[in-house]
Amino acid sequence: MFGRIALLVIVTLLVFAVHYRRYRDKKKVAISTALLLYTLAIGYSGYILMRIVPPLLLLHVLAVVSLYFSIFYYLFKGKLNLYIVASPLLTMLIYIGLSYFNGAR
C-alpha cells in the first residue's frame, strides 16, 4: 500500500513539473503542491484517527480521493472547490465531536 501511494505521489509531482514546463505558471503549481501535501497529511492522520468507526473512515477516504482529483481539476481547469478541500477536515471534526459526546473511555 505504501509503495502505491509513493508511486502516486511521484507521478503527481511529475505531472506538476510537466505542467510548469509547459505553462510557466508558478502560482498554480505551488498551490497544487501545497494541496498535495495537505492531502497526504490529512489522509494519513484521518486514517490513523478514524480506524475505529468504519463508516466514517470510508467517508473520509472518499473525501480524500475527491480532494486528490480536485487538485488536478484545479491544475488543468483553474477552479478550486473549497468545499472539497474542507471535506476531509470536516470528517475528522465529526469524529472528534462523536468522540467527545459519546465518550472515548
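The values are calculated or read from the model by the stated rules, or taken from the named source; none is laboratory data. The structure presented is a predicted model; accordingly, all values stated were derived computationally and were not measured. Backbone-built Cβ (ideal geometry, glycine too); neighbour counts: all protein chains shown.
Among Ile84, Ile48, which is the only one that is without any contact (Cβ under 8 Å) to a residue 24 or more places away in the chain and crowded, with 16+ Cβ neighbours inside 10 Å?
On the way: Ile48 fails: crowded, with 16+ Cβ neighbours inside 10 Å.
Residue meeting the stated conditions: Ile84.
Inside the range 74-100, can you point out the residues that are of a type outside the set (Gly, Ala, Ser) and under 15 Å from Val61 (Cα atoms)?
As a first pass, look at the range 74-100 and keep what is of a type outside the set (Gly, Ala, Ser): 74-77, 79-85, 88-96, 98, 100.
The answer is Ile84, Val85, Pro88, Leu89, Leu90, Thr91, Met92, Leu93, Ile94, Tyr95.
Taken over the range 18-36, the criterion of being loosely packed, with under 11 Cβ neighbours inside 10 Å and aliphatic (A, V, I, L, M) is satisfied by Val18 alone.
Give Arg51, Arg24 a once-over and let me know the one that is within 28 Å of Asn102 (Cβ to Cβ) and among the basic types (Lys, Arg). Quick ask: steps written out before the conclusion?
Details: Arg24 fails: within 28 Å of Asn102 (Cβ to Cβ).
Result of the check over Arg51, Arg24: Arg51.
Is it the case, given these coordinates, that Leu59 is surrounded by 13 or more Cβ atoms within 10 Å (Cβ to Cβ) and either among the basic types (Lys, Arg) or in contact with a Ser or Thr (Cβ under 7 Å, 6 or more places away or on another chain) (or both)? For Leu59, the condition - surrounded by 13 or more Cβ atoms within 10 Å (Cβ to Cβ) and either among the basic types (Lys, Arg) or in contact with a Ser or Thr (Cβ under 7 Å, 6 or more places away or on another chain) (or both) - is met. Annotation note: Cβ proximity below 9 Å between a residue of the range 18-37 that is within 22 Å of Val65 (Cα to Cα) and a residue that is modelled with pLDDT under 95 and not in a helix (DSSP H, G or I) (sequence gap 6+ or interchain) occurs for His19/Asp25; Lys28/Gly78; Ile31/Leu80; Leu35/Leu80.
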